[in-house]
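**Student:** First, the structure itself, so that you have it in front of you.
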Amino acid sequence: MRDISKEGWRGVWAVAECHEGCLMPVSLELVSKARELADKLQTEATAVVFGHGISGAVCDTLMEYGAHVVQLVEHEALAVFRDDVFARVLTGLILSKRPEIVLAPATYTGKAYMPRVQTMLETGLTAGCLELDIRSDDRVLIQTRAAWGGNLFVNIVCPDARPQLVTVSPNVMIARRVVAEGRVERPEVPFEWLKSGMEVTESVHEKQDEAVRLTKADVVVVAGRGIEKRENLKLLQELADALGGAVGATRAITDLGWLPEYTQIGQTGVTVSPRLCITFGVSGAVQHTVGLRNIDILVAVNKDPAAPIFEMATYGIVADVNKILPVLLEQVKKIRCKSPA
Amino acid sequence: MLNIAVCIKQVPDARTVRFDKETGMMIREGVETIINPVDLNALEAALAIKDGHDARIHVLTMGPPSADKALRDALSMGADQAYLLSDRAFAGADTLATTRVLAAALKKIGQMDMVVCGNQSVDGDTAQVGPGLAVRLEMPSVAYVNALELTADTLKCIRMTGHGHDTVLMKTPCLVTVIPSINTPRMPSLKGKMKAKSAGIPVWTANDLGLSMNDIGLAGSPTRVLNTFVRSFEARRERLEGDADAQVAALCERLVAAGVL
Amino acid sequence: MAQVNYFLTEEQQMIVELARKIAIEKILPIRARLDETEEFPWEIMKDLAQSDLFGIYIPEEYGGIGKGCFETCLALEQLSYGCIAVTTTFAASALGGYPIVMFGSDEQKKRYLPDIASGSRLGAFALTEANAGSDAAGIQTSAVEDGDYWVLNGTKQWITSAGDAEIYTVIAMTDRHKGPRGATAFLVEKGDPGFSFGKKEKKMGLRASSTREMVFTDCRIPKDRILGKRGQGFIIALKTLDFARPGIGAIGVGLSQAALDEAVSYAKQRMQFGQYIISFQAIQHMLADMATHTEAARSLVYAVARTIDADSRDIAKISAMAKLFATDVAMRVTTDAVQVLGGYGYMKDYPVEKMMRDAKVLQIYEGTNQIQRNVIGQALNKEYSKV
């Protein structure tokens with residue numbers, strides 16, 4: 001099954017993600033990135049979108065953001081996310097069209113079906129990429145992600161196997177409108193691709209507002225392991241409220257169950273780009289800080305003067321979170337009360 | 001009787017890890033190893049099923065000989081049998097090569113009704129091994145599982161989605177990867193520890209698993225690490241000194257001046 | 001750096017590891033909350049039940065691990081590193097179970113020990129009354145034979161885990177005219193008719209542990225609930241306490257170690273006059289004394305516990321020594337820890353003020369340290385008369 005010959009694999013794909021017939025913003029980010037890579041490779045950028053009840057406007061938008069081709073797979077069997085079906089459909093399309101690169105969103109969905117695609121294709125997959133570039137001499141995709149802990153990044157390549165698969169978190173790449181024309185293809189999906197060993201009986205939509213609010217907030221207050229006490233979260237929330245912002249967390253905090261999973265910022269969580277970000281008890285491991293992008297002012301409060309977060313902070317406060325937090329909250333409330341909202 | 005497999009990984013304990021400030025590399029000296037934390041949730045999920053069903057729990061790991069300790073810890077929590085997949089030739093495996101080894105071992109152990117994995121490891125951080133393994137075992141898989149319930153041959157899972165959660169049903173055999181909030185792992189027991197101490201743990205090599213050298217370790221891994229690098233951040237890096245009141249006052253002054261407060 | 005080697009066996013090492021894991025992962029994160037709210041630590045009792053630690057001293061045939069006083073002390077010490085209110089709740093169950101191990105009939109052992117060993121039911125031990133503290137012979141609770149029943153009347157005071165535990169070893173007077181030889185031990189279960197509890201006491205420390213009155217109002221229990229023989233009550237009480245006292249010492253050792261660790265790590269990061277306060281000799285000397293006393297207490301507790309496991313006859317003096325010394329050390333070390341932390345030490349943000357409040361009870365319960373000195377003094381008098 002493994003096709004190690006690199007010949008005959010051409011084109012860059014971005015897998016779009018839809019929710020209730022609407023494109024998720026990450027889709028456009030990936031399509032724009034696919035276009036950029038395709039231009040470097042002098043090949044075509046393709047957006048792949050599956051689901052049910054997808055409007056023509058979705059395809060237009062994907063072309064507007066850089067897709068030369070939209071592969072639209074519409075079927076009622078794709079209305080809900082079933083890992084095995086999504087993986088088999090994508091794998092089937094890849095085998096028939098043979099793209100050299102496939103970008104998929106590092107969302108709960110993308111991260112669940114892409115490893116299945118990887119294994120069916122016996123090729124490489126790199127999770128949660130932050131940067132992607134082409135090595136000009138051999139068309140190889142250079143995939144940058146954060147390494148474990150510390151402040152280390154790693155460049156990964158998949159030199160021989162094709163396609164080169166990566167997932168990319170939402171909010172990492174930049175969506176760019178281009179003036180472009182494209183075409184829509186509607187590939188046939190054989191019935192056997194749609195067989196599934198699972199049944200989704202209920203989909204509950206919840207907390208979306210808060211999750212979205214965090215990724216769009218102008219001010220984000222981040223809780224890290226160093227907040228020590230769960231009670232401090234109340235103060236953090238008050239501070240975020242006073243600043244008109246949202247509370248995010250590092251994985252240490254969500255793993256403890258102190259805050260819901262969707263508040264986790266970093267490689268395996270969400271990416272945020274607020275004007276002001278205040279971190280409390282965050283050490284600054286790259287796996288977390290890669291989720292902080294394009295921040296105007298980063299404030300770090302941490303007891304440990306050697307914490308790497310201070311290297312990237314605009315303002316560093318070496319102090320006990322328990323001491324700073326109440327004082328800061330009080331001051332912020334005072335200042336906010338004085339100036340009319 | 002149900003056969004449930006739990007795949008675990010031995011990882012460095014984040015609490016003991018230090019980094020070289022210059023190179024950003026992990027300082028290996030003095031680093032303790034633990035079971036990847038969410039793999040304990042996977043084991044607990046299996047143990048909870050065993051509490052209510054006639055089940056046998058097989059726990060396996062691919063790693064160096066020292067990963068024996070992780071397996072004995074799992075046995076002391078209540079797993080029935082452990083297997084260590086250890087061979088120098090396994091070294092340098094990416095997720096694709098890792099799933100080949102795990103799949104070969106599971107096929108050698110026998111037909112599993114269910115495989116439970118932690119969603120991701122703290123070191124690799126890819127979340128790829130579980131779903132990939134499912135493909136090799138020809139099982140459906142559900143990732144990011146936050147609740148599990150087994151009734152006869154149907155496994156009901158609650159999984160996280162970007163918008164909330166789904167209820168998903170699968171017939172066994174199937175594979176799930178779980179997230180930390182699914183449960184609280186139980187403590188090991190003294191009797192379990194005593195039993196684990198003398199438990200026989202088979203060590204299987206590539207040869208024992210009938211794997212070709214081209215399929216495992218670095219040779220069997222399509223991805224390569226090109227290089228690692230440290231990113232320097234361009235930050236103003238101003239330390240605000242004094243007691244808490246002074247530090248907060250200085251901060252507020254700057255934030256007001258910048259127009260963000 | 002070399003540490004004192006106590007040459008633990010592999011099994012003993014396992015007990016230490018397991019109890020330590022529970023202390024660090026389960027107890028430590030919630031001890032401040034438990035202290036604040038005075039809630040009974042049920043969640044940790046569940047963890048302890050799963051761990052098999054409740055059965056350390058209970059024979060294997062009754063579902064236990066079949067170990068002795070020393071292994072019990074090792075577990076108590078490690079758990080106390082987390083919180084001694086939780087440890088006291090754990091230890092109280094052993095205080096209820098140990099008399100059954102020593103004096104129970106086979107039937108009683110089968111009926112009660114597996115539950116105590118598995119932690120599915122907690123035990124407790126009831127001797128103290130309002131007018132019978134140090135002077136245990138003054139107890140007023142009575143038990144009178146009535147056909148196939150014993151009828152209990154009276155009130156026990158300050159009983160650890162009363163109301164939460166389910167199996168109680170109760171000392172009552174059956175033949176008052178016989179004085180100390182007129183006391184008998186009974187097994188009373190929560191839910192027995194005429195058996196009720198008073199309100200939960202508010203305490204200075206040890207707040208997660210529950211302490212209540214036990215009230216017997218014509219409490220009728222079947223005849224087979226008598227533990228040991230009629231008139232053996234005080235022997236049972238004394239033997240139980242002799243066995244338990246090194247355990248209280250071990251609780252003191254664990255608490256001292258926790259306070260020492262807090263003090264040293266604070267001293268290493270607190271900067272005054274431009275240097276870390278651990279570089280000041282005044283602080284160093286305090287820490288040195290705390291460390292040395294803690295190690296000395298540990299050595300004594302371990303040695304006494306091992307002696308008891310080798311030969312449990314006539315252990316009153318040495319078991320009193322272990323309790324006396326290690327708990328006095330705990331009081332001193334926790335007080336010094338507060339001093340090292342200064343103003344911070346006095347605040348509830350840091351754990352040492354709780355440790356100091358908790359430590360005080362160790363000098364009071366299971367025989368005040370004055371009573372321990374009496375026991376030791378009387379033993380000396382006896383010993384030297386023989387020569």
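The values are calculated or read from the model by the stated rules, or taken from the named source; none is laboratory data. Nothing here was measured: the structure is a model prediction, and the numbers come from that model. For neighbour counting, all protein chains shown are included, and Cβ atoms are generated from backbone atoms with ideal geometry for every residue, glycine included.
**Student:** Quick one: count up the residues across the range A:123-138 that are surrounded by fewer than 20 Cβ atoms within 10 Å (Cβ to Cβ) and either out of contact with any helix residue (DSSP H, G or I) (no Cβ under 7 Å at 6 or more places or on another chain) or basic (Lys, Arg) (or both).
**Tutor:** Final tally of qualifying residues: 6.
**Student:** Among the residues that make up the range B:252-259, is at least one of them within 30 Å of A:ALA146 (Cβ to Cβ), within 11 Å of chain A (Cβ to nearest Cβ) and at pLDDT 95 or above?
**Tutor:** No; the residues of the range B:252-259 include none that is within 30 Å of A:ALA146 (Cβ to Cβ), within 11 Å of chain A (Cβ to nearest Cβ) and at pLDDT 95 or above.
**Student:** I need every pair where a residue in the range A:4-24 that is under 17 Å from A:ALA38 (Cα atoms) has its Cβ under 6 Å from the Cβ of a residue that is part of a loop (DSSP other than H, G, I, E, B) and β-branched (Val, Ile, Thr), sequence separation at least 6 or different chains.
**Tutor:** Close Cβ pairs satisfying both conditions: A:ARG10/A:THR43; A:GLY11/A:THR43.
**Student:** Just to be sure before I move on: is A:ILE265 farther than 13 Å from A:ILE227 by Cβ and more than 9 Å from chain B (Cβ to nearest Cβ) in the structure I sent?
**Tutor:** yes
**Student:** Right, another one. Check the range C:213-228 and report whether any residue there is touching a strand residue (DSSP E or B) at 6+ places or on another chain (Cβ under 6 Å) and closer than 30 Å to C:ALA32 by Cβ.
**Tutor:** Yes, the range C:213-228 contains a residue that is touching a strand residue (DSSP E or B) at 6+ places or on another chain (Cβ under 6 Å) and closer than 30 Å to C:ALA32 by Cβ.
**Student:** Of the residues that sit in the range A:25-46 and are in contact with a strand residue (DSSP E or B) (Cβ under 7 Å, 6 or more places away or on another chain) and not in a helix (DSSP H, G or I), which one is surrounded by the most Cβ atoms within 10 Å (Cβ to Cβ)?
**Tutor:** By that ranking, first place goes to A:ALA45.
**Student:** Let me ask you something else. Go through the range B:157-179 residue by residue and tally those that are facing chain A (nearest Cβ under 7 Å) and part of a loop (DSSP other than H, G, I, E, B).
**Tutor:** 3
**Student:** Keeping to the range A:192-235, report how many residues are closer than 24 Å to A:ALA307 by Cβ, among the β-branched types (Val, Ile, Thr) and within 13 Å of chain B (Cβ to nearest Cβ).
**Tutor:** The number of residues fulfilling the criteria is 3.
**Student:** State yes or no: is B:GLY30 closer than 30 Å to B:ARG224 by Cβ and in a loop (DSSP other than H, G, I, E, B)?
**Tutor:** Against the criterion (closer than 30 Å to B:ARG224 by Cβ and in a loop (DSSP other than H, G, I, E, B)), B:GLY30 qualifies.
Residue-wise test of (1) within 17 Å of C:SER161 (Cβ to Cβ); (2) crowded, with 24+ Cβ neighbours inside 10 Å; (3) not assigned by TED's automatic domain parsing to the domain that holds C:GLU189.
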position	(1), (2), (3)
C:LEU28	no, no, yes
C:GLU36	no, no, yes
C:ASP52	no, yes, yes
C:ILE58	no, yes, yes
C:GLY68	no, no, yes
C:LEU76	yes, yes, yes
C:SER80	yes, yes, yes
C:GLY97	yes, yes, yes
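**Student:** Has the range A:102-120 got any residue that is at pLDDT 95 or above, over 22 Å from the mean Cα position of the chain (by Cα), facing chain B (nearest Cβ under 10 Å) and closer than 19 Å to B:ASP94 by Cβ?
**Tutor:** Yes, some residue in the range A:102-120 is at pLDDT 95 or above, over 22 Å from the mean Cα position of the chain (by Cα), facing chain B (nearest Cβ under 10 Å) and closer than 19 Å to B:ASP94 by Cβ.
**Student:** Only residues that are of a type outside the set (Val, Ile, Thr), within 21 Å of B:HIS165 (Cα to Cα) and more than 7 Å from chain A (Cβ to nearest Cβ): list them for the range B:103-143, please.
**Tutor:** B:CYS117, B:GLY118, B:ASN119, B:GLY130, listed by residue number.
**Student:** Among C:GLY179, C:GLY205, which is the only one that is over 21 Å from C:PHE243 (Cβ atoms) and in contact with a Lys or Arg (Cβ under 8 Å, 6 or more places away or on another chain)?
**Tutor:** Only one candidate passes the filter, namely C:GLY205.
**Student:** Filter the range B:188-197 down to the residues that are crowded, with 23+ Cβ neighbours inside 10 Å and within 7 Å of chain C (Cβ to nearest Cβ), then identify the one that is nearest to B:LEU148 (Cα to Cα).
**Tutor:** Checking each candidate, the answer is B:PRO188.
**Student:** Condition first: among the acidic types (Asp, Glu), over 25 Å from B:VAL116 (Cβ atoms), more than 7 Å from every other protein chain (Cβ to nearest Cβ) and assigned to a helix (DSSP H, G or I). Can you find one or more residues in the range B:230-251 that meet it?
**Tutor:** No: zero hits.
**Student:** Looking at the range A:291-320, which of its residues are more than 8 Å from every other protein chain (Cβ to nearest Cβ) and crowded, with 23+ Cβ neighbours inside 10 Å?
**Tutor:** Correct list: A:GLY291, A:LEU292, A:ALA300, A:VAL301, A:ASN302, A:ILE309.
**Student:** Within the range B:167-181, is even one residue among the hydroxyl-bearing types (Ser, Thr, Tyr) and crowded, with 24+ Cβ neighbours inside 10 Å?
**Tutor:** Yes, the range B:167-181 contains a residue that is among the hydroxyl-bearing types (Ser, Thr, Tyr) and crowded, with 24+ Cβ neighbours inside 10 Å.
**Student:** How many residues are surrounded by fewer than 19 Cβ atoms within 10 Å (Cβ to Cβ) and either of a type in the set (Lys, Arg) or closer than 16 Å to A:LEU37 by Cβ (or both) when one looks only at the range A:156-176?
**Tutor:** 3
**Student:** Restricting attention to the range A:133-181, which residues are part of a strand (DSSP E or B), farther than 24 Å from A:ARG116 by Cα and in contact with a Leu (Cβ under 7 Å, 6 or more places away or on another chain)?
**Tutor:** Of everything in the range A:133-181, just one residue is part of a strand (DSSP E or B), farther than 24 Å from A:ARG116 by Cα and in contact with a Leu (Cβ under 7 Å, 6 or more places away or on another chain), namely A:ILE134.
**Student:** Another one. Given the structure, is A:LEU141 more than 9 Å from every other protein chain (Cβ to nearest Cβ), buried (at least 24 other Cβ atoms within 10 Å of the Cβ) and not charged (D, E, K, R)?
**Tutor:** In short, yes.
**Student:** Here's a follow-up. Considering only residues that are touching a strand residue (DSSP E or B) at 6+ places or on another chain (Cβ under 6 Å), of a type in the set (Gly, Ala, Ser) and closer than 27 Å to A:GLU181 by Cα, which ones fall in the range A:64-109?
**Tutor:** Of everything in the range A:64-109, those that are touching a strand residue (DSSP E or B) at 6+ places or on another chain (Cβ under 6 Å), of a type in the set (Gly, Ala, Ser) and closer than 27 Å to A:GLU181 by Cα turn out to be A:GLY66, A:ALA67, A:ALA104.
**Student:** Which one of these is within 10 Å of another protein chain (Cβ to nearest Cβ), crowded, with 22+ Cβ neighbours inside 10 Å, part of a loop (DSSP other than H, G, I, E, B) and not aliphatic (A, V, I, L, M): B:PRO222, B:PRO185?
**Tutor:** B:PRO222 is the lone residue from the list that is within 10 Å of another protein chain (Cβ to nearest Cβ), crowded, with 22+ Cβ neighbours inside 10 Å, part of a loop (DSSP other than H, G, I, E, B) and not aliphatic (A, V, I, L, M).
**Student:** Moving on to the next point. Could you run through the range A:59-81 and say how many residues are over 20 Å from the mean Cα position of the chain (by Cα) and either farther than 16 Å from A:VAL102 by Cβ or in a helix (DSSP H, G or I) (or both)?
**Tutor:** Residues flagged as over 20 Å from the mean Cα position of the chain (by Cα) and either farther than 16 Å from A:VAL102 by Cβ or in a helix (DSSP H, G or I) (or both) within the range A:59-81 amount to 12.
**Student:** Which of the numbered conditions does C:HIS285 fail, given that it passes all the others? Conditions: (1) in a helix (DSSP H, G or I); (2) touching a helix residue (DSSP H, G or I) at 6+ places or on another chain (Cβ under 8 Å).
**Tutor:** (2)
**Student:** Within the bounds of the range C:30-42, is there any residue that is outside any helix (DSSP H, G or I), more than 9 Å from every other protein chain (Cβ to nearest Cβ) and within 26 Å of C:ILE100 (Cα to Cα)?
**Tutor:** yes
**Student:** Further question: Which members of the range B:158-181 meet the condition of being under 21 Å from the mean Cα position of the chain (by Cα), at pLDDT 95 or above and more than 15 Å from B:ASP113 (Cα to Cα)?
**Tutor:** Within the range B:158-181, B:ILE158, B:ARG159, B:VAL178 qualify.
**Student:** Something else about it: Could you list, in sequence order, the residues of the range C:36-63 that are more than 13 Å from C:THR89 (Cβ to Cβ) and not aliphatic (A, V, I, L, M)?
**Tutor:** Correct list: C:GLU36, C:THR37, C:GLN50, C:SER51, C:ASP52, C:GLY55, C:TYR57, C:PRO59, C:GLU60, C:GLU61, C:TYR62, C:GLY63.
**Student:** Here is a list of conditions, (1) facing chain B (nearest Cβ under 7 Å); (2) surrounded by 24 or more Cβ atoms within 10 Å (Cβ to Cβ); (3) of a type outside the set (S, T, N, Q); (4) under 18 Å from the mean Cα position of the chain (by Cα), and A:PHE153 meets all of them except one; can you say which number that is?
**Tutor:** It fails just one condition, (2).
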